Amino acid sequence: MKTPHTIRYFSIAALTPVGLLALASIFGGIWSIAALAYITVLAFSLDQLVAFARSPENPQAEFPDANALSVVLALSHFALLPLAVWALSNGQNVWWERLCIFFAHGLFFGQVSNSNAHEMVHRADATLRRLGTWVYISLLFGHHATAHVKVHHVYAATEHDPNSAPLGMSYYRFLPRAWIGSFKAGLAAENAMRRKAGKSGDLHPYVLYVGGGLACLILAYVIGAWEGVFKYVLLAGYSSAQLMLSDYVQHYGLRRREIAKGVFEPVGPLHSWNAPHWFTSFMMLNAPRHSDHHSHPMKPYPALEITDEMAQLPRSLPAMATLALVPTLWRRVMDPRVAQIVARQTADSNAQ
């Protein structure tokens, strides 16, 4: 079913919390509850009500405003982040308002801003890539702009990717491995590429990542003194932890076959977990349609598809991310599903 105006659904789902978050930061009270409720309870509930499927034939022609929405979301992120630091450190809100403001903003930055930045660092347009990179930098996670493209997309679903969790690893063990491992692996990949291209004299991207992060810390101090810095680091850490939680959920236990020493089979539909739930897919710019993204990294987000042959999560990506915070329950639900995928891969391999 072709839907020429689907971009409106992305806009409504992703931009509505921007207004609620701004109102929560400025006025607190009921707006802080509304912002948190929108991005948690309402998003989960709407996912359960409607199944929404699309299969656009000409995504570039059908969704001309996709890049414009990404730019608006990025600019909104840069406005909301200092506003959140101010709201959390100005001492005018009572404790429950600050708590709602923190989690509402953190969930937006972690699920919407990160998804949007992820989309932009894959675009061919240099301006979009820079915007996406600066979203990551503002969340003190700038190296992800390098590590995601040059490490994760090369080695996803293998032991060489620090952001692909093996079977049995909890999220809490995965988190430091993913952050530190992606920093190191991204730096090594960047250095190797620069040596090969003869660009050793150019500004190293990691200087921008670290220097930009320091500039953001200084801005946080200007906004809220040391309390502002503390709240900013907490907010950025919470947001980045959600990105890594998404990686954890979307690749848990899945592995590509090594067909030669250091050479792996092409990434396919059984190497990422996907979620068809419509509302959170719109809100996260189709990030839960992960297999298609890995197979076609440059495909614009409105064109990403999901098929029955892909590995499927039993609930939406945010719901499964919440479950992953309880390792015993997570393994009870997901380990049997991983076993089913492995059996399918084995059967497919034997049939060839």
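Descriptive notes on the structure:
- Pairs where the first residue, in the range 219-244, is in a helix (DSSP H, G or I) and the second is open to solvent by 80 Å² or more (accessible area, probe 1.4 Å) and aliphatic (A, V, I, L, M), C-beta under 9 Å, 6+ apart: 228/219; 228/222; 229/218; 232/219
- Residue within the range 294-304 that is under 19 Å from residue 334 (Cβ atoms), modelled with pLDDT under 90 and touching a helix residue (DSSP H, G or I) at 6+ places or on another chain (Cβ under 8 Å) present: no
- Residue list for the range 308-328, filter: modelled with pLDDT of 90 or more and in a loop (DSSP other than H, G, I, E, B): 309, 310, 313, 314, 315, 324, 325, 326
- The residue list 112, 85, 121 contains one member that is open to solvent by less than 20 Å² (accessible area, probe 1.4 Å), at pLDDT 90 or above, hydrophobic (A, V, I, L, M, F, W, C) and more than 11 Å from residue 25 (Cα to Cα), which is 121.
- The number of residues in the range 144-162 being out of contact with any Lys or Arg (no Cβ under 9 Å at 6 or more places or on another chain) and either among the basic types (Lys, Arg) or not in a helix (DSSP H, G or I) (or both) comes to 3.
- Answer residue from the range 293-302, given it is closer than 15 Å to residue 152 by Cα and not polar (S, T, N, Q) and is surrounded by the most Cβ atoms within 10 Å (Cβ to Cβ) among those: 293
- Any hit, the range 258-278, residues being open to solvent by less than 10 Å² (accessible area, probe 1.4 Å), part of a strand (DSSP E or B) and under 25 Å from residue 340 (Cα atoms): yes
- Whichever residue in the range 146-179 is touching a helix residue (DSSP H, G or I) at 6+ places or on another chain (Cβ under 8 Å) and of a type in the set (Ser, Thr, Tyr) and, among such residues, is surrounded by the most Cβ atoms within 10 Å (Cβ to Cβ): 164
- Residue satisfying condition, being open to solvent by 50 Å² or more (accessible area, probe 1.4 Å), in contact (Cβ under 8 Å) with a residue 40 or more places away in the chain and among the aliphatic types (A, V, I, L, M), within set 317, 325, 329: 325
- Single residue of the range 180-211 satisfying the filter (in a helix (DSSP H, G or I) and either acidic (Asp, Glu) or touching a Phe, Trp or Tyr at 6+ places or on another chain (Cβ under 7 Å) (or both)) that is most open to solvent (accessible area, probe 1.4 Å): 187
- Breaking point among (1) touching a Phe, Trp or Tyr at 6+ places or on another chain (Cβ under 9 Å); (2) at pLDDT below 90; (3) not aliphatic (A, V, I, L, M), for residue 93: (1)
- Boolean, residue 254 is at pLDDT below 95, touching a helix residue (DSSP H, G or I) at 6+ places or on another chain (Cβ under 7 Å) and either assigned to a loop (DSSP other than H, G, I, E, B) or open to solvent by 10 Å² or more (accessible area, probe 1.4 Å) (or both): no
- With respect to (1) more than 20 Å from the chain's Cα centre (by Cα); (2) assigned to a helix (DSSP H, G or I); (3) within 24 Å of residue 160 (Cβ to Cβ), the lone exception for residue 333 is condition (3).
- Of the residues examined, residue 34 is not one that is open to solvent by 10 Å² or more (accessible area, probe 1.4 Å), small (Gly, Ala, Ser) and either closer than 21 Å to residue 277 by Cβ or at pLDDT below 60 (or both).
- Restricting 251, 204 to those that are of a type outside the set (A, V, I, L, M, F, W, C) and under 30 Å from residue 274 (Cα atoms) reduces the list to 251.
The values are calculated or read from the model by the stated rules, or taken from the named source; none is laboratory data. Computed from a predicted structure; not experimentally measured. In this analysis, Cβ positions are derived from the backbone assuming ideal geometry, glycine residues included, and neighbour counts consider all displayed protein chains. These area figures cover heavy atoms from the full protein model, side chains too; ligands, DNA and RNA do not enter into them. Shrake-Rupley method; radii C 1.70, N 1.55, O 1.52, S 1.80 Å.
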